[in-house]
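Notes for the one structure printed next.
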Amino acid sequence: MRILDIAKTALSFASGDQVDVLVHHNDYSLTRFANSYIHQNVKENSIDVTVRVVRDNRQGIAQTNIVDVESLKEVARKAGEIADLSPRNPVDIKLPKPAEYTAIGKPDEATILLTPEARADAVAQMVNYANPLGLTLAGAYSSGSGSLAIVNSNGLEAYNEFADAELKVTAMSEDSSGAADFWTPRASEIKPLEVVKEAAGRAISSKKPVEIEPGEYEVVLLHYAVAELVSMMNWTGISARAAEEGRSWLANNIGKKILSDKITIVDDPFDPRSSVRPFDFEGFPKSKMALVEKGVPVDVVYDSYFATKTGHKNTGHALPASSGAHPLALNVVVEGGTSTVDEMVSKIKKGVLVSRFWYTNIMRPIEQEFTGMTRDGLFLIENGKVVSGLKNMRVTDSIIRIFAGVEEVENVTRYHDGIVAPAMRSKGIIFSSKTKF
């Protein structure tokens, strides 16, 4: 059965005041390599069915990955049984009504059909480039497709197909490393030599790293580092749940200028640089939404539950009911500026360039105070030039403070781990300690 038919069949077996069914199909392959050798090829083809039943405002959720008729009957029965045993929710559960969705194109056929041989050839190209440079490679190349179907007892039907590919590589020498990645809905856009050259360039440039003392330094953050910081801001403070619980940096500062006026952040489900999503995991239509405009927080994101609870409009940011998670922005885009990375570096008398962070954690969510390590390329800038690699440092600072000090934003944006972002130059970042590597 097609997944929309599976969803409708499961819905027909469920009974309640309200019912919805989400069916998620994934068909993805992965080629993983380490020590410059491919060591793993894996493929997953799975269908997951989630049934939610609401009876007397009591909610029951059940799941299965078996899609024969008897299994669909059973998962529908279990969801109803769980609903009967669950406490009554004090907030009225209101599933979305039928809606029209923005039309999007079909997924790229070549990406869907990308072969293990093609991924292996990409790895071979990168290894052949890195070997003469004395660099060892590790990483992964994934590709595949999927589809999502949602139906509910209000008559809603939503269906979407997608495909994407991503290449990640880390180049390593004895005392340095550099990393790069490239995600795209069209595998033909991945240029393995360009990706490995980026990673290798930072690995070579950061050889024989020197130490500097902890303290505050003017900084250029590459788009990888910016994306990692914005991702933490998103996970910990851009949802209606975080606002309700009093831990949202965004909700606590709506209408106040707390970041540089060069920073605008939106959630854009139709941006081609990220995974296009016409609806959320409840089938509610998505649209572009401002989160931060010229340094001023605008609003948090909502799903149907928090929209009903607060009286706010639904913004289309529901996650799957089975996750138990808060609404989340899944297409975050930090808008670009007018500068290049070289121009940013040229303006710094003494500072650092941070390629990316590692093991970052939020300590104080309202202040966005975090700590984490630098990784895969930390560089010393003197008199407008990158002069050497640096041994890694621990950062303990506030993301809000760093972004409030942003003076330049790159004119190019790139996707990294769910966030589209540019590089930035900020007045300062605080390093709290140093390392020996």
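Computed from the coordinates by the stated procedures, all read-outs in this text should not be read as laboratory data. What you see is a predicted model, and the numbers here were worked out from it, not measured in a lab. Cβ placement follows ideal geometry from the backbone for every residue including glycine, while neighbour counts extend to all protein chains displayed.
Of note:
- Of the three principal axes defined by the Cα atoms of the chain, the extents in descending order read 69, 53, 36 Å.
- Gain in span if fully extended, K385 to V91, counting 0.36 nm per residue against the direct Cα distance: 100.1 nm
- Pairs spanning more than 31 Å between alpha-carbon atoms, out of K43/K309; K262/K309; K197/K294; K191/K427; K262/K385: K43/K309; K262/K309; K197/K294; K191/K427.
- Distance between the modelled labels on E100 and S71, one decimal in nanometres: 3.8 nm (7 Å Cα→Cβ projection).
- Around L291: net Lys/Arg minus Asp/Glu count, Cβ-Cβ under 13 Å: -3
- Cα-Cα over 31 Å, subset of K168/K257; K257/K313; K168/K434; K257/K350: K168/K257
- Partners for K208 among aspartates and glutamates (Cα-Cα distance below 18 Å; same-chain residues under 8 apart left out): E174, D175, D376, E382
- Of all aspartates and glutamates in the structure, those lying under 17 Å Cα to Cα from K256, and not within fewer than 8 positions of it along the same chain, are E293, D299, E367.
- Between K427 and S322, full extension at 0.36 nm per residue minus the direct alpha carbon distance yields a gain of 33.5 nm.
- C-alpha long axis of helix 116-130 to longest principal axis of the chain, angle in °: 20 degrees
- Members of K347/K391; K73/K106; K207/K349 lying beyond 25 Å, as alpha-carbon distances in this model show: K73/K106
- Theoretical FRET efficiency, 1/(1+(r/R0)^6), r = Cβ-Cβ of S15 and K349, R0 56 Å, to 0.05: 0.20
- Considering only alpha-carbon pairs that sit under 8 angstrom and 6 or more positions apart, the relative contact order computed for region 209-437 is 30 percent.
- Extending 7 Å from the Cα toward the beta-carbon at both E244 and E369 defines two label points whose distance is 2.8 nm.
- Annotation for region 69-128 versus region 309-341: alpha-carbon center distance of 18 Å.
- Spin-label model, S398/D175: points 7 Å from Cα along the beta carbon direction are separated by 3.8 nm.
- Length gained on full extension, K8 to E213, computed as 0.36 nm times the residue gap minus the Cα-Cα distance: 67.6 nm.
- Sequence-separation-based contact order of region 3-194, relative, with Cα cut under 8 Å and 6+ spacing, percent: 24 percent
- Range of Cα positions in region 13-93 per principal axis (Å), largest first: 58, 30, 16
- Rounded if a/c under 1.5, otherwise prolate or oblate - region 209-437, Cα gyration tensor axes: prolate
- Using alpha-carbon coordinates, inclination of helix 192-205 to the longest axis of the chain, degrees: 40 degrees
- Helix axis angle, 223-237 relative to the chain longest principal axis, alpha carbon, degrees: 40 degrees
- Measuring nothing but alpha carbons in region 3-194 and taking Rh as the Kirkwood radius, the Rg to Rh ratio lands at 1.15.
- Using the Cβ of R247 as centre and a radius below 14 Å, the other residues enclosed give a net charge of -2, where K and R count +1 and D and E count -1.
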